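Take a look at the structure below.
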Amino acid sequence: MGIAGANVSSDRRNFFMSSAQLDALEKKEELECDPVRQKLGTPLRPGARILSFDLCGSDTVVLGLSSHQAKAANLKTRECTAAAAKHGGPVTAVAVLNESYTVNGSRIALSASWDKIVKVWPVDDPQNTLAVLTGHSDFVKC
């Protein structure tokens, strides 16, 4: 229950806060109520900067990351696959081939990097490299 006569609250506004803290709280609440922000939803958090992306159907995206990896992510669950196509530099470009190009039912993706290599891999199994295209004289960026 509580102590008779004591003020009990879980509302942060009832606690001592500086003017700056009150302003920050008010701004945060305004953003949470912003209809544009609500429509956009929650962003993906792949653990590195997204340098490139390409949609693969309505619920999957292929990401080129600054962490020298290319990954697939599910847009509904907002989770990235644990497996990744690994490169020797930041992955600056990714592309997904159209639906007529598949391997065991999985769409095919390409990832290009500062390591001067383009890798070809199935979206459902990024660690299974189908081909490695070498011979570029400079880093690959599209």
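The values are calculated or read from the model by the stated rules, or taken from the named source; none is laboratory data. In this text the structure is predicted, and so the values were computed from the model without any measurement. For neighbour counting, all protein chains shown are included, and Cβ atoms are generated from backbone atoms with ideal geometry for every residue, glycine included. Heavy atoms of the whole protein, side chains included, go into the accessibility calculation; ligands, DNA and RNA do not. Shrake-Rupley method; radii C 1.70, N 1.55, O 1.52, S 1.80 Å.
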Top-ranked residue in segment 62-87 [being among the aliphatic types (A, V, I, L, M) and open to solvent by 60 Å² or more (accessible area, probe 1.4 Å); ranked as modelled with the highest pLDDT]: Leu75
Tally of residues being closer than 14 Å to Gly64 by Cα and in a strand (DSSP E or B) across segment 86-135: 16
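Mind checking which residues of segment 94-104 are out of contact with any Pro (no Cβ under 9 Å at 6 or more places or on another chain) and surrounded by fewer than 19 Cβ atoms within 10 Å (Cβ to Cβ)? First the steps, then the outcome.
Here is the first cut: in segment 94-104, the ones out of contact with any Pro (no Cβ under 9 Å at 6 or more places or on another chain) are 94-101.
Ala95, Leu97, Asn98, Glu99, Ser100, Tyr101 - these are the residues of segment 94-104 that are out of contact with any Pro (no Cβ under 9 Å at 6 or more places or on another chain) and surrounded by fewer than 19 Cβ atoms within 10 Å (Cβ to Cβ).
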All positions within segment 32-46 that are modelled with pLDDT of 70 or more and either basic (Lys, Arg) or surrounded by 11 or more Cβ atoms within 10 Å (Cβ to Cβ) (or both): Leu44, Arg45, Pro46
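Kindly indicate the residue of segment 49-85 that is part of a loop (DSSP other than H, G, I, E, B) and touching a Pro at 6+ places or on another chain (Cβ under 9 Å) and also nearest to Ala112 (Cα to Cα) among those meeting that condition.
Our first condition is that a residue be part of a loop (DSSP other than H, G, I, E, B); within segment 49-85, this holds for 49, 56-59, 66-68, 75-78, 81-84.
In the following step, the residues that additionally are touching a Pro at 6+ places or on another chain (Cβ under 9 Å) were identified as 49, 66-68, 78, 81, 83-84.
Numbers: Arg49: 15, Ser66: 12, Ser67: 13, His68: 10, Arg78: 23, Thr81: 19, Ala83: 17, Ala84: 13 Å.
The selected residue is His68.
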Residue tally, condition surrounded by 22 or more Cβ atoms within 10 Å (Cβ to Cβ) and on the phi > 0 side of the Ramachandran plot, over segment 105-122: 0
